[in-house]
Amino acid sequence: MTHLERADGKELAPPPQVNPVRVAVRFPMRLPLTIQTRAGVLRAVTENVSSNGLLFVSDSLPALDSKIEFTMTMPSAIMGVENDVTIHCIGRIVRHEQEGREKKAAVVIDEYFLKA
């Protein structure tokens, strides 16, 4: 482990480990998703969206660490533009949750493409 020292020789605590998945601001939004997995197509609804990822609700969830592709349409009012913006994303499942009967999965977005 690397030790950090101040100018007066006293040791500083190491910087906290930052989880990049949780750094971005999350926006609560319910948007329909069509998710492509190796096992087939899933229908889902977002619960929240950030620049790094999203949390979605679905009847069945892709496996942890699995790669997925999905397309979502961001409303023009949210994006601050005249027309809705369609975004195609490639990501991976990083977490599962269950609240009551709702099954949720967290996705990290690795790549995205704006569609005209």
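The values are calculated or read from the model by the stated rules, or taken from the named source; none is laboratory data. Values in this document were obtained by computation on a predicted structure and should not be read as measured data. Heads up, the Cβs are rebuilt from the backbone with ideal geometry, glycines too, and the neighbour counts pull from every protein chain shown.
Restricting to region 67-95, name every residue that is surrounded by fewer than 16 Cβ atoms within 10 Å (Cβ to Cβ), hydrophobic (A, V, I, L, M, F, W, C) and part of a strand (DSSP E or B).
Ile90, Val94
Given the conditions (1) under 15 Å from Val45 (Cβ atoms); (2) assigned to a strand (DSSP E or B), which single one is not true for Ile109?
(1)
If you take the residues of region 96-106 that are part of a strand (DSSP E or B) and more than 16 Å from Thr37 (Cα to Cα), which of them is modelled with the lowest pLDDT?
Glu99
Considering Glu47, Glu111, which residue is surrounded by 13 or more Cβ atoms within 10 Å (Cβ to Cβ), modelled with pLDDT of 95 or more and either out of contact with any strand residue (DSSP E or B) (no Cβ under 7 Å at 6 or more places or on another chain) or among the acidic types (Asp, Glu) (or both)?
Residue meeting the stated conditions: Glu47.
For region 76-94, give me each residue that is touching a residue at least 24 places away in the same chain (Cβ under 8 Å), of a type outside the set (A, V, I, L, M) and farther than 12 Å from Asp110 by Cα.
Correct list: Thr86 only.
Tell me which residues, restricted to region 45-66, are touching a residue at least 40 places away in the same chain (Cβ under 8 Å) and either more than 21 Å from Phe27 (Cβ to Cβ) or assigned to a strand (DSSP E or B) (or both).
Glu47, Gly53, Leu54, Leu55, Phe56, Val57, Asp59, Ser60, Leu61, Pro62
Regarding Gln98, is this residue over 16 Å from the mean Cα position of the chain (by Cα) and of a type outside the set (A, V, I, L, M)?
So Gln98 passes the test.
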